[in-house]
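For reference, the structure is listed below as structure tokens.
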Amino acid sequence: MALSACCLSLPVQGDETLTPFPYPSDVMKPSWMEARKQLQMATAHAFDVYHDFKFSDEVAASGITFVNKIVADSAKLHKPVHYDHGNGIAPADVDGDGLIDLFFTNQLGSNGLWRNVGDGTFEDITTQEIALSNKVSVTASFADTDNDGDPDLFISTVRDGNHFFENDGQGRFTDQTEEAGLGYQGHSSAGVFFDYDRDGLLDLFVCNVGMYTKPDERGEGGYHVGVDDAFAGHLKPDQRNERNLLYRNEGNHRFTEISKSLGLDDVSWTGDASPIDPNRDGWPDLYILNMQGPDQFYENVRGKRFERRTAERFPKTSWGAMGIKSFDYNNDGFMDIFVTDMHSDMSEAQGPNQEKLKSAMRWPISMVGEKAASVFGNTFFQARGDGGFDEISDRIGAENYWPWGLSVGDLNADGWDDVFITASMNFPFRYGVNSVLLNSKGARFLDSEFVLGVEPRRDGRTAKPWFALDPKRKDREHGLVKDHNLAKPVEVWGAVGSRSSAIFDIENDGDLDIVTNEFHDRPMVLLSDLAAKKPIRFLKVKLQGTSSNRDGLGAVVTLVGKERTYTKVHDGATGYMSHGILPLYFGLGDDEPATKVEVRWPSGRLQEMAITEDSLKAMITIIESAEE
């Protein structure tokens with residue numbers, strides 16, 4: 001199907017009722033969905049983990065009316081350009097009331113800040129400043145950059161300048177972009193906050209995808225029109241590469257860009273990155289994703305410089321990486337790494353029964369480089385404990401199709417972290433399911449999206465109206481009109497799909513829920529009924545640094561139980577391209593009561609705190625550092 005760059009405006013006028021035109025033909029009712037569901041449900045009896053609970057999409061009851069709206073390059077024109085990567089969602093308690101609020105970013109129209117009211121509902125508290133309604137936003141990050149006890153806000157945009165806002169503690173934000181020096185104009189994506197030099201101030205790494213838009217052409221709504229060969233931009237490094245940027249926090253909301261001076265001269269086409277510490281020396285290193293080539297790993301040399309050590313730690317990485325999360329998958333105390341790979345999957349069409357297979361990679365060598373040097377699909381790096389990793393994605397069932405990014409949390413509160421992966425490609429592709437991977441006690445992942453009610457979506461909804469076509473007027477040259485001999489106006493329906501997600505306890509009932517930012521659609525608010533199905537034993541931990549940064553980003557928290565220990569790193573990574581501040585959630589399952597919590601603060605100080613029955617009964621335990 002060839003999609004011509006014809007007119008952008010909807011041509012149909014008046015009250016004419018349009019005939020639905022699903023594309024592909026089964027997108028409104030995929031023929032394979034029921035069989036896929038029954039096959040997965042038939043495996044559930046063999047699960048050796050608790051799975052007798054469900055998620056239900058309660059977006060209508062939540063009060064959230066935000067709708068993600070996309071540019072024409074990803075709608076009627078469907079140009080293969082990076083706008084279809086969608087938008088992020090950032091969670092944090094912006095007003096200090098103990099409830100997690102949500103910030104949604106948007107391509108066309110207003111971003112949205114939604115305050116958690118406390119009963120499972122939200123209210124819109126968006127202001128004109130953070131709405132950025134005249135810009136194409138990409139994603140957002142929350143972090144307390146001035147250590148005053150509230151999360152500040154960073155928003156990335158496409159070529160119209162990134163923005164930084166200071167929080168007054170009540171959830172009201174003031175634009176401090178110019179003063180902060182964070183107004184870079186480019187093709188930015190995730191903003192990753194971490195304290196690379198351990199001075200107690202959060203620094204910022206800004207991921208830049210690469211130059212995928214034309215220099216002087218605007219489309220409907222004012223967006224920068226994408227270049228026709230955007231997906232091959234990495235093959236023109238002199239023209240298209242865009243350097244990723246590390247900003248040092250100087251205090252008082254002032255940042256200095258220092259990438260090259262520290263040896264972090266990286267031009268990966270990246271949407272996200274993650275601080276990790278494989279050698280466990282206490283200095284946060286940086287894993288940088290590359291959506292069009294191998295990932296890169298930079299080791300932090302005591303806050304003085306970064307050295308590229310990719311080959312020593314990761315001989316092979318995903319070729320088309322999109323999302324990343326580091327977590328202790330098997331509760332051995334070492335942090336593993338899960339990377340989702342979207343672009344490898346786009347090299348060939350795979351049917352529903354082939355989604356767990358690695359890509360055969362149909363692109364030529366000229367596109368991907370030496371094929372033996374990369375993994376074409378998701379990678380799961382299991383930490384060996386010596387600073388190295390083993391890639392075990394196929395062995396543990398970590399492969400899936402068209403993944404964007406992942407959020408991690410103990411969905412069944414059994415003490416083993418589970419994974420939610422956003423997926424799909426929308427129009428003009430078939431429907432793709434989101435994946436829920438229940439952790440089978442560190443042995444493998446169990447496909448559970450149908451078992452837990454995440455799929456099929458509410459009301460079986462797999463498609464929605466995408467745009468209208470009028471063959472009699474301005475859409476005569478559109479590919480669908482030509483290929484299907486359309487003679488009357490139609491409403492083209494395309495597949496729905498998720499981009500970013502966040503896992504946290506919305507109603508403070510003890511179980512973890514899921515919220516998504518959909519592509520060209522309203523969010524999903526997936527509430528869990530786990531707390532209604534069984535008693536839950538858990539511990540939520542909120543960190544408050546003193547000598548270390550106030551959020552405690554970079555802290556390693558270990559909960560010591562009778563049968564095992566549970567380790568988490570507070571890294572601020574909450575979902576695809578998105579970063580926020582959430583309490584650490586430890587499900588305890590049937591383990592005996594935990595005896596203590598150990599916190600290794602970013603400063604290097606170790607702090608221990610006894611766990612009492614009152615701690616286990618509380619909705620949240622606040623650990624304030626005793627570093628002074």
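The values are calculated or read from the model by the stated rules, or taken from the named source; none is laboratory data. None of these values were measured; they are calculated from a predicted model. When we count neighbours, we look across all protein chains shown, and the Cβ atoms used for this are built from the backbone with ideal geometry, even at glycine. With ligands, DNA and RNA removed, areas are computed over all heavy atoms of the protein, side chains included. Shrake-Rupley method; radii C 1.70, N 1.55, O 1.52, S 1.80 Å.
Return a whole-number percent for the relative contact order of the chain, with Cα pairs under 8 Å and 6 or more residues apart as the contact set.
On the way: 1738 pairs, mean separation 106.5, N = 628.
Relative contact order for the chain comes out at 17 percent.
Tell me, what is the per residue accessible area of the range 50-202 in Å², probe radius 1.4 Å? Show your work: numbers first, answer last.
Details: 4580 Å² over 153 residues.
Per residue, the range 50-202 has an accessible area of 30 Å².
Give a residue-ordered list of calculated ³J(HN,Hα) values for the range 330-346 (Karplus: 6.51 cos²θ - 1.76 cosθ + 1.60, θ = phi - 60°; whole Hz; x for Gly, Pro).
10, 6, 9, x, 10, 7, 8, 9, 10, 10, 9, 10, 8, 5, 4, 5, 7
Any idea what log10 I(q)/I(0) is at q = 0.10, 0.22 Å⁻¹ for the range 500-625, Debye with uniform C-alpha scatterers and no solvent?
-0.35, -1.33
For the range 115-168, report the translational diffusion coefficient in µm²/s to the nearest whole number, using Stokes-Einstein at 10 °C, 1.306 mPa s, and a Kirkwood Rh over Cα pairs. It would help to have the intermediate numbers written out before the result.
Working: Rh = 12.6 Å.
The diffusion coefficient I find is 126 µm²/s.
Volume per residue, Å³, of the convex hull around the alpha-carbon atoms of the range 540-586? Show your work: numbers first, answer last.
Values: hull volume 3.7 nm³, N = 47.
Given the Cα convex hull of the range 540-586, per-residue volume reads 78 Å³.
Roughly how many whole Å is it from the C-alpha centroid of the range 291-319 to that of the range 466-493?
One Cα centre to the other: 48 Å.
Along its principal axes, what span do the Cα atoms of the range 390-451 show, with the longest given first and each in whole Å?
Extents along the principal axes, in whole Å: 40, 26, 18.
Need the full-extension length gain, D390 to E257, defined as separation in residues times 0.36 nm minus the C-alpha distance. One decimal, nm. Write down the numbers at each step before the final one.
Working: separation 133, 0.36 × 133 = 47.88 nm, distance 3.44 nm.
Separation in residues times 0.36 nm, less the Cα-Cα distance, equals 44.4 nm.
Would you report the distance distribution of C-alpha pairs in the range 355-402 as whole percents per 10 angstrom bin, up to the bin with the largest distance?
Answer for the range 355-402: a P(r) of 24, 42, 29, 5 percent.
When Rg is the radius of gyration of the Cα atoms in the range 509-554 and Rh is its Kirkwood radius, what does Rg/Rh come to?
Values: Rg = 16.1 Å, Rh = 13.8 Å.
Rg/Rh: 1.16.
Taking all protein chains as present, what is the carbon and sulfur share of the accessible area of the range 149-239, in % to the nearest whole number, probe 1.4 Å? Intermediate results must be reported in sequence, preceding the final value.
On the way: 1370 of 3210 Å².
So the carbon and sulfur contribution to the accessible surface is 43 percent.
In units of 2.2 N^0.38 Å, what is the alpha-carbon radius of gyration of the range 437-478?
Numbers: Rg = 20.2 Å, N = 42, 2.2 N^0.38 = 9.1 Å.
After normalising by residue count via 2.2 N^0.38 Å, the value is 2.21.
Not counting ligands, DNA or RNA, and with a 1.4 Å probe, what is V138's accessible surface area in Å² rounded to the nearest 10?
So the heavy atoms of V138 present about 20 Å² to solvent.
Tell me, what is the per residue accessible area of the range 213-280 in Å², probe radius 1.4 Å?
Working: 3070 Å² over 68 residues.
With all protein chains present, the range 213-280 gives 45 Å² per residue.
Taking every pair of Cα atoms in the range 228-367, average 1/r, invert it to obtain the Kirkwood radius, and report Rg/Rh to two decimals.
Values: Rg = 17.1 Å, Rh = 16.9 Å.
Ratio value, two decimals: 1.01.
Binning at 5 angstrom from zero up to the longest distance, how are the C-alpha pair distances of the range 39-94 distributed in percent?
4, 11, 12, 12, 11, 12, 17, 13, 7, 1
Using only the Cα atoms of the range 432-587, each taken as one equal point scatterer with no solvent, compute I(q) by the Debye sum, divide by I(0), and report log10 of the ratio at q = 0.21 Å⁻¹.
-1.46
Under 18 Å from the Cα of K214, which aspartates and glutamates turn up, not counting those fewer than eight places away in the same chain?
Qualifying aspartates and glutamates at Cα under 18 Å: D73, D84, D160, D228, D229, D238, E242.
Check cross-link reach from K542 to the lysines: straight Cα distance under 28 Å, and skip same-chain residues fewer than eight apart.
Those lysines meeting the cut-off are K54, K325, K441, K533, K534, K562, K568, K596, K617.
Across 20 Å bins from the origin, how do the percents of Cα pairs in the chain run, short distances first?
20, 58, 21, 1
Pull up the cross-link candidates among the aspartates and glutamates for K464, meaning alpha carbon to alpha carbon under 14 Å and not fewer than 8 places away within one chain.
By straight Cα distance, K464 reaches D26, E491, E518, D521.
Where both residues lie in the chain, what percent of DSSP beta bridges are antiparallel, nearest 5?
Numbers: 109 of 120 bridges.
Percentage antiparallel, nearest 5: 90.
For the range 21-97, which whole percent of the accessible surface, found with a 1.4 angstrom probe, sits on carbon and sulfur atoms?
59 percent
What is the extension gain from I622 to K37, computed as 0.36 nm multiplied by their sequence separation minus the C-alpha to C-alpha distance, in nm to one decimal? Can you show the working numbers first?
Details: separation 585, 0.36 × 585 = 210.60 nm, distance 4.15 nm.
Value of the extension gain: 206.5 nm.
Take the Cα gyration tensor of the range 183-237, multiply each eigenvalue by 5, square-root it, and list the three semi-axes largest first, rounded to whole angstrom.
Working: eigenvalues 188, 42, 10 Å².
Taking √(5λ) for each eigenvalue gives 31, 14, 7 Å, largest first.
Ignoring any ligand, DNA or RNA, what whole percent of the accessible area of the range 512-628 comes from carbon and sulfur when the probe is 1.4 angstrom?
Reported share for carbon and sulfur atoms: 50 percent.
Quick one: accessible surface of E179, probe radius 1.4 Å, all protein chains present, in square angstrom to the nearest 10.
Around 80 Å² of this residue is reachable by solvent.
Restricting the calculation to Cα positions, tell me the Rg (one decimal) and the Dmax (whole number) of the range 325-404 in Å.
Cα-based Rg and Dmax for the range 325-404 come out at 13.8, 41 Å.
Using θ = phi - 60° and the Karplus curve 6.51 cos²θ - 1.76 cosθ + 1.60, what whole-Hz ³J(HN,Hα) does each residue of the range 536-547 get, with Gly and Pro shown as x?
Computed from phi, the couplings for the range 536-547 are 10, 10, 7, 9, 9, 10, 10, 9, 9, x, 10, 5 Hz.
If you count only protein heavy atoms and use a 1.4 Å probe, how large is the accessible surface of D341, to the nearest 10 Å²?
Probe radius 1.4 Å; accessible area of D341 about 0 Å².
Starting from the Cα coordinates of the range 32-166, work out the convex hull volume and express it per residue in Å³. It would help to have the intermediate numbers written out before the result.
Working: hull volume 25.1 nm³, N = 135.
In the range 32-166, the Cα convex hull volume per residue is 186 Å³.
What 222 nm value per residue comes from the helices of the chain, counting each DSSP H run with n ≥ 4 as -39,500 (n - 2.57) and dividing by all residues, nearest 500 deg cm²/dmol?
On the way: 11 runs with 51 residues, N = 628.
Rounded to the nearest 500, the figure is -1500 deg cm²/dmol.
Based on the Cα atoms of the range 373-517, what semi-axes does the equivalent ellipsoid have, where each is the square root of 5 times one gyration tensor eigenvalue, given in whole Å with the largest first? Each step should come with its number before you reach the end.
On the way: eigenvalues 295, 81, 25 Å².
Semi-axes (√(5λ), whole Å): 38, 20, 11.
Based on the mean of other Cβ atoms within 10 Å per residue, sort peptides 41-47, 500-506 so the most packed one is first.
On the way: 41-47: 11.3, 500-506: 26.4.
So the peptides 41-47, 500-506, ranked by packing, come out 500-506, 41-47.
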